[in-house]
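Working notes, beginning with the structure itself.
The values are calculated or read from the model by the stated rules, or taken from the named source; none is laboratory data. All of these numbers come straight from a predicted model, not from anything done at the bench. Quick reminder, even Gly has a Cβ in these numbers, built from the backbone with ideal geometry, and neighbours come from all protein chains shown. Surface areas here come from the heavy atoms of the whole protein model, side chains and all, with no ligands, DNA or RNA. Shrake-Rupley method; radii C 1.70, N 1.55, O 1.52, S 1.80 Å.
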2 protein chains.
Amino acid sequence: MALAGRLGATAALVPLSSARARGAQAPTAEPWGKDKLTRLSLRPPDYETPVALLDSFITPVEHFYVRSHLPVPPALEEARWRLAVDGDVETPLSLSVAELRAMPAATVTVTLECAGNGRAFFTPPVAGIQWKKGAVGTARWRGARLADVLKRAGAKSTARFVHMQGADRPLGTMPAFVRQVPLDKAMHPDTLIAYEMNGQPIPPVHGFPLRAIVPGWEGAYAMKWLASLRVSATPSDSFWVATAYRYPSRRVAPGATVAAEDMAPLTGLVVKSLITTPLDGATLPRGAIAVAGFAWAGERDITRVDISTDSGATWQPARLVGEQQRYTWRRFEYAFEATRAESCLILSRATDDRGNVQPAVAHWNPSGYLWNQYDGVRVEVR
Amino acid sequence: MALAGRLGATAALVPLSSARARGAQAPTAEPWGKDKLTRLSLRPPDYETPVALLDSFITPVEHFYVRSHLPVPPALEEARWRLAVDGDVETPLSLSVAELRAMPAATVTVTLECAGNGRAFFTPPVAGIQWKKGAVGTARWRGARLADVLKRAGAKSTARFVHMQGADRPLGTMPAFVRQVPLDKAMHPDTLIAYEMNGQPIPPVHGFPLRAIVPGWEGAYAMKWLASLRVSATPSDSFWVATAYRYPSRRVAPGATVAAEDMAPLTGLVVKSLITTPLDGATLPRGAIAVAGFAWAGERDITRVDISTDSGATWQPARLVGEQQRYTWRRFEYAFEATRAESCLILSRATDDRGNVQPAVAHWNPSGYLWNQYDGVRVEVR
C-alpha cells in the first residue's frame, strides 16, 4: 500500500528493534479483566466494558475498555524506550522515559471514549468494530506536558501539526497507526505524554510506557506506545489522518456517500450520557427506583441531565453530583416511584455548557462515529 | 368458528337479502382516488393516503383512507335500508334512512384515524396491515344523533353497551365485524349515525348509506354499512370486541406476550402529529424552509406543537393556526432558515390539553396500535 511507503521515514524512528533485545520488561501481570470485558476482537485486542462495570467515577484499570488498531508491540521496555521529537524543530530530541519523568509532572482526569462507541446502533449499519455502550471510561493520567517537550525541542514558527506514531507496526492491510494533533491543542497545558494511569505504570494494552493524552478529544488521539512526535507545517497523509477518523462537515442523510473533501477530522467528543443504574433488562419491585449514570461532553462541561420515565414524553432534571472537573464525566442521580407493574423505558438526555443537547436521533455518518442519542434502559417493574 | 355461530342472531338482522333484490343503488361513480392512494389490501379494500395528499384541513373524500375488515357489501340501496335497534330496549325499532333524516341533524368534523396507523414502524414488527402514516383523515359528518335513536327505542336502565354491526358478512376465517360503544359515549350528543360525508352521501367504501361516527375514538368504532344496534347489559363476545382492538392496561416490553386479562378496549386516539410539508425525502434550496402539518389527540385539544430541526436536540414552538375544533386535528406551521447544504431531520412533537406529549419512542403493544412517537421527515438542503 502506498500509504505504508510514505510512512517509511517516520516508521524508522520507532525503537522497536532495540527494545526487542532488552531484558527489562513491562509489567507482565496484565491488570486487565479480560474475563469481565466483552471481546470484539482478539488480535488486535478490542474489548468493551459492560455497563455494569462503569458505575464508578474512576474506571479501574482492569475494567477499562481496550482499543487497538494493531497488536500490542512485543517486549515493551521502559528503560530503553526513546521518544523521538523531530520535524520542524530547532533541536531534534530523543527522550528517555526517565527524562520525561524529570520534567514537571501534571495529572489530568479524563473521560476517554472511542469515536466509534455506539457504532452498533446506527441505522443503516456501518462497518467497523461494533461497539455498543462500553468503549468509554475515566482514568487519572500523569505525565509530562507535551507543550514542555515541544518547547524544549523548539518548534519552528511554521509548525501547525504534531504527527504522532506509536511502536505498533503495520500489519497485513493495516497501515501504521499515525495520528496528528493541531499545534494549539498540542501546546495546551492539559495535553500530556502520560506514564501513569490511575497511579500505576500504564498497562501494556493501554500503551506502556508512554501514551498521549489529548483531553476531551476522541480516544484515537490517545496514542499508545508513543514513540515519535514529528512537528510539521503540513497535515499527515497517513490513512488514519487523511481518510479515517473523519466526520462529515455537514449533516448527511443516513446511508449517504460523502465525498472526501466534505469530511473533516474529529476534534472532540460530543454531549452524551450513559445510564449505569438500573441495568437494561432489569426486573425491579414496585416502589422507589434509583437511576444513576454519567454524562460527558469532551472539552465542555455538563450543565444538566434530564430523565424521562415515559418513553421521552416528559422529562425531569436529574441531580448532578459533585463538582464538574473539566474533561470528565459528571455523575447524575434521579429517583422516581414506580406505582404499578409495567415495562418502563428510562431515557437520559444531557446538556452541555454551550447548550448542546443530546439528540433523539443520532447523526448518521459513514464511519459511525459520535453516536450520542438519548441513552435508554428498559426495566420491568413487577 | 364458534364466534360466527354466536353472532348468528345479530347477523340475521342485516337486511342484505332484501337490499340485493332492489334496483336503486348506491352512487356508482366511486369518488375514491384508487390511483392516488396506496393499496395495502385489494379485497377487502385497505388503502392509505400518501402524506402529500393530507395537506388540507378537510381531506377530500377521494383521498380519504379506506379501512375494511370485510368486502364492501354488494347492492347497497338506501331506499330499502333498515337499521335495527333492539336488545335491552322498551321498543325495538327498524328505522329507514328517511326516518333518520327526519330526526334532528347534527354535523361534526372529526379526524378519523385507524388504530393501526403507524403499525409498520414498530420494533419488533407486529402482524397486521402495515399502515405507515396515512390511515388518517378529517371529514365533516352529518347525521342523526345516536342518543336520539336510543331514546326513541327506550334503552333500559340495565343498558351499558351498544353492540354495532354492519352489513358486511363474515367471510372465510374473518368473523362478522361487530364493535361496541359504552353507553355514555353512545349517548354523547356528538356521536352520530351519519348519512353524509363532506356534504355528499357517504361513498360505498366509506359506509354507504349509514356509518357510526364516534368522535375522537379509533376508526374501528366508525362502523360502516351500519345495520344493527343492539343495546346490552353485557359486553359483546365478538372477536372484534373480546380479542381485537385491545391494548395493554400497562406498558409492556417490546415483543412481550400479554395475557388476555391484561388487555382493555381502545377508548380514544392519543396525542400525535404529522408533518405534511415538506415531504420526507424532499430536496430543498438553502434559505427559508416552511414546515406545516397537523396534530390531533382524539377527544383532547392540542395546546402546542414543537419542532426540532436538529434531530431532537432542541425544540421551538410552532404556530397553531385557526381555532381548535373538538375532535379535529389542528394545523401547525413553522419556518426556519437553512443556511448550509446538509441533510436535515425535522421532527414534530405535539402536546394536548391534559399535558400528554408525544413520546420519543412509541409504546410497543402486541397489535401495533396507537403508534404516536415524534413524526419526522428528512430533507436534503442543497
**Report entry** Theoretical ellipticity at 222 nm over chain A - DSSP helices of four or more residues, -39500 (n - 2.57) apiece, nearest 500
**Finding:** -2000 deg cm²/dmol
Query raised in the report: What are the label-to-label distances in nm, one decimal and shortest first, from B:Glu337 to the same spot in the other copies, with labels 7 Å along Cα to Cβ?
Result: 4.8
**Report entry** Using a 7 Å Cα-to-Cβ projection, A:Asp353 label spacings across copies, nm, ascending
**Finding:** 4.5
Query raised in the report: How much of the DSSP beta bridge set in chain B is antiparallel, as a percent to the nearest 5?
Result: 95 percent
Query - Phi-based couplings in Hz for the range A:312-324 (Karplus 6.51, -1.76, 1.60; Gly and Pro marked x) - result: x, 6, 10, 9, 10, x, 8, 8, 8, 9, x, 8, 6
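Net charge within 14 Å of B:Ser94 by Cβ-Cβ distance, Lys/Arg positive one each and Asp/Glu negative one each, not counting B:Ser94 itself?
Summing Lys and Arg as +1 and Asp and Glu as -1 gives +2.
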Report summary line: Set B:Lys36/B:Lys272; B:Lys133/B:Lys272; A:Lys34/A:Lys132; B:Lys36/B:Lys133; A:Lys132/B:Lys133; B:Lys156/B:Lys185, cut-off 20 Å on Cα-Cα distance; pairs above it are B:Lys36/B:Lys272; A:Lys132/B:Lys133
Requested in this report: List the distances, in nm to one decimal, from the label point of A:Asp184 to the label points of the same position in every other copy, shortest first, placing each label point 7 Å from Cα along the Cα-to-Cβ direction.
Outcome: 6.5
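Determine the share of the range B:272-381's accessible area contributed by carbon and sulfur atoms, expressed in whole percent, with a 1.4 angstrom probe. Mind showing how you got there, number by number?
Numbers: 1810 of 4020 Å².
Answer for the range B:272-381 is 45 percent, counting heavy atoms of protein chains only.
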**Report entry** Protein accessible surface hidden between A and B, which excludes ligands and nucleic acids, total in Å², probe 1.4 Å
**Finding:** 2000 Å²
Query raised in the report: How much solvent-accessible surface does A:Ser228 expose, in Å² to the nearest 10, with a 1.4 Å probe and all protein chains in place?
Result: 0 Å²
Requested in this report: In whole angstrom, note down how far apart the Cα centers of the range A:259-325 and the range A:335-382 are.
Outcome: 7 Å
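Please figure out what share of the DSSP beta bridges in the protein assembly as shown is antiparallel and state it in percent, rounded to the nearest 5. Could the numbers behind the result be given before it?
Values: 152 of 164 bridges.
Around 95 percent of the beta bridges assigned by DSSP in the protein assembly as shown are antiparallel ones.
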Report task. Sticking with the crude label model, points 7 Å out along Cα→Cβ, report the distance from A:Ile129 to B:Asp55 in nm, one decimal please. Result -> 4.7 nm
Query raised in the report: Distance from the Cα centre of the range A:81-112 to that of the range B:146-183, in angstrom?
Result: 84 Å
Requested in this report: For an R0 of 30 angstrom, estimate the FRET efficiency from the Cβ-Cβ distance between A:Lys156 and A:Asp262 and round to the nearest 0.05.
Outcome: 0.45
Report task. Keeping the other protein chains in place, figure out the carbon and sulfur percent of the accessible area of the range A:2-244, with a 1.4 Å probe. Result -> 55 percent
Query raised in the report: What residue among A:Phe121, B:Met174, B:Pro201 has its Cα farthest toward the positive end of the dipole of the protein assembly as shown, where the charges are +1 on Lys, Arg and -1 on Asp, Glu, each on the Cβ?
Result: B:Met174
Query raised in the report: Just B:Pro215, B:Pro285, B:Pro45 to compare: in a GNM of chain B, with alpha carbon springs under 10 Å, which one fluctuates most?
Result: B:Pro285
Requested in this report: Enter the accessible area of B:Arg250 (Å², nearest 10), with the probe set to 1.4 Å and all protein chains included.
Outcome: 90 Å²
Query raised in the report: Excluding B:Phe177 itself, what net charge comes from residues whose Cβ is under 12 Å from its Cβ, given Lys and Arg +1 and Asp and Glu -1?
Result: +3
Query - Closest approach to the axis - chain A beta-carbon, rotation onto B, Å - result: A:Ala360, 2
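Order the following by accessible area, largest value first: A:His206, B:His363. Probe radius 1.4 Å; ligands, DNA and RNA are ignored.
B:His363, A:His206
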Report summary line: Across B:Asn365, B:Asn356, B:Asn117, the residue with the highest GNM fluctuation in chain B (Cα network, 10 Å cutoff) is B:Asn356
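Counting heavy atoms of the protein chains only and a 1.4 Å probe, report the per residue accessible area for chain B as a whole number of Å².
Numbers: 14740 Å² over 382 residues.
Computed with neighbouring chains in place, this is 39 Å² per residue.
With Cβ to Cβ distances under 13 Å as the rule, what net charge do the other residues near B:Thr309 carry (K, R +1; D, E -1)?
Details: positive: A:Arg251, B:Arg340, B:Arg349, B:Arg378; negative: B:Asp306, B:Asp310, B:Glu337, B:Glu342.
With Lys, Arg at +1 and Asp, Glu at -1, the net is 0.
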Query raised in the report: Ranked by accessible surface with a 1.4 Å probe, highest first, in what order do B:Lys34, A:Lys151 come?
Result: A:Lys151, B:Lys34
Report summary line: Under a 1.4 Å probe, counting only protein heavy atoms, A:Leu279 has an accessible area in Å², nearest 10, of 80 Å²
